[in-house]
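The values are calculated or read from the model by the stated rules, or taken from the named source; none is laboratory data. Just so it is clear, the model here is predicted, and its values are computed rather than measured. Here the Cβ positions follow ideal geometry from the backbone for every residue, glycine too, while neighbour counts run over all protein chains shown. The accessibility values were calculated without ligands, DNA or RNA, using every heavy atom of the protein model including side chains. Shrake-Rupley method; radii C 1.70, N 1.55, O 1.52, S 1.80 Å.
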Amino acid sequence: MINSKPILFSAVQPSGNLSIGNYIGTMRHWSSFQDNYECLYCIADLHSLTTLNKNFFLKKSVLDTLALYLACGVNPTKSIIFIQSHVYQHSQLHWILSCFSQFGELSRMTQFKNKRKIEENCVENINIGLFNYPLLMSSDILLYQTNLVPVGKDQKQHLELTRNIANRFNLLYGDIFTLPDSLITKNGSKIMSLLDPTKKMSKSDTIKNNVIFLLEDISSVFLKIKNAVTDSETPPKIYYDIKKKPGISNLLEILSAITNKNISILEKELDGIMYSEFKNIIFDNVSKFLYKLQKSYLDYRNDESYLKKIAKEGAIKARLKSEKFLKRVSSAIGLD
Ligand code: TRP
């Protein structure tokens with residue numbers, strides 16, 4: 001059978017500042033997905049135009065991110081790795097989908113509402129791109145007849161929207177779009193901030209001590225972990241309970257993800273130790289993990305001509321697929 005594997009699509013916005021939360025929630029699984037799915041890994045540079053500022057060097061960040069994908073085990077001979085803006089079909093489908101989407105449904109997207117709140121307070125850049133953002137994401141997904149999208153909780157609503165729009169289109173024009181399902185990975189889909197474990201760890205957090213960055217100097221990680229919020233249970237006890245013990249639970253999630261050990265096993269191993277010792281163990285493991293990742297990252301990052309070759313070949317493969325499919329969409333609505 002040709003093409004029997006389900007198609008999986010994933011993307012992150014290019015930023016040299018990806019966090020350990022991005023890794024644990026998203027990129028950690030990318031390498032093993034390649035054995036079971038036909039994978040497309042995209043660098044969503046068009047999405048990052050929504051938050052562009054003059055201190056951000058997009059071109060450099062795209063290459064940083066590409067090197068990071070490779071360091072995380074994405075293999076260009078198994079998967080299609082490409083840069084969103086290199087495949088113009090994404091923008092084209094975005095326009096088409098926008099004509100099948102309602103102002104009201106986009107206004108209800110939680111991420112947009114939150115961004116709008118934050119940016120209104122700073123009287124900043126609430127551009128239309130922020131509003132349209134989920135539709136570009138829908139285009140990314142639908143363009144490749146994707147079956148599965150690994151999503152964290154925060155992107156689940158965008159995937160629902162994608163299904164709704166696809167369904168609406170299909171009702172009018174026949175079964176053109178494949179309805180994508182979410183692939184929710186069990187643990188660690190949402191790593192929380194270190195100083196405030198009730199909110200998500202965000203790479204754009206202004207308080208840098210909240211976030212462990214994948215490419216940061218390992219020496220600065222020690223203090224961040226040391227200062228991470230725990231709780232005042234006496235005697236201290238290490239177990240997972242997101243409501244009663246958000247700080248400890250978050251640290252357990254991090255440790256579990258980078259050691260590949262179940263949380264229940266960790267709870268047994270760590271039984272009876274002090275929080276300070278628990279943090280030392282976390283630092284040991286996080287630093288080993290970061291060291292290895294950063295070494296591999298640098299090997300790739302120092303070879304720009306290789307990175308550009310990967311991007312070029314990925315774009316050719318992605319264009320081939322998306323061009324064919326976009327023609328089907330266009331001809332269904334009479335644009336051919
Ligand atoms: N919006 C996603 C994020 O910020 C990135 C993204 C863009 C994406 N296109 C996608 C994720 C398609 C999954 C599928 O994390």
Nearest 10 degrees is fine. How inclined is helix 110-121 to the longest principal axis of the chain, computing both from alpha carbons? 70 degrees
Tilt of helix 246-259 relative to the longest C-alpha principal axis of the chain, in degrees (0 to 90, nearest 10)? 70 degrees
In a Debye calculation with equal point scatterers on the alpha-carbon sites of the chain and no solvent, what is log10 I(q)/I(0) at q = 0.13, 0.15 Å⁻¹? -1.04, -1.32
Given a cut-off of 20 Å, name the pairs among K190/K321; K226/K288; K60/K200; K203/K309 whose C-alpha atoms lie farther apart than that in the structure shown. K190/K321; K60/K200; K203/K309
Summarise the accessible area of the chain (1.4 Å probe, protein heavy atoms) by the percent that is carbon and sulfur. 53 percent
Mind listing the phi-derived Karplus ³J(HN,Hα) values for the stretch 133-140, rounded to whole Hz, using 6.51, -1.76 and 1.60 with θ = phi - 60°, and x for any glycine or proline? 2, x, 6, 5, 5, 4, 5, 3
Within-11-Å neighbourhood charge of F82 [Cβ basis; K, R +1; D, E -1]: +1
In a Gaussian network model of the chain with springs linking alpha carbons closer than 10 Å, the residue among L320, L293, L136 that fluctuates most is L320
Kirkwood hydrodynamic radius (Cα pairs, Å) of the stretch 228-330? 17.3 Å
Square roots of five times the Cα gyration tensor eigenvalues for the stretch 1-141, Å: 27, 20, 14
Ranked order, F100, F82 - accessible area, probe 1.4 Å, largest first: F100, F82
Table column - 3J(HN,Hα) (Hz), the stretch 317-333, Karplus curve with 6.51, -1.76, 1.60, x for Gly and Pro: 5, 5, 5, 4, 6, 6, 5, 4, 6, 4, 4, 4, 4, 4, 6, 4, 9
Using a Gaussian network model of the chain whose springs link C-alpha atoms within less than 10 Å, name the residue from R168, R108, R301 with the highest mean-square fluctuation. R108
Please give the per residue accessible area of the chain, computed with a probe of 1.4 Å over protein heavy atoms only, in Å². 50 Å²
What residue among C42, C72, C99 has the largest mean-square fluctuation in a Gaussian network model of the chain, using Cα springs under 10 Å? C99
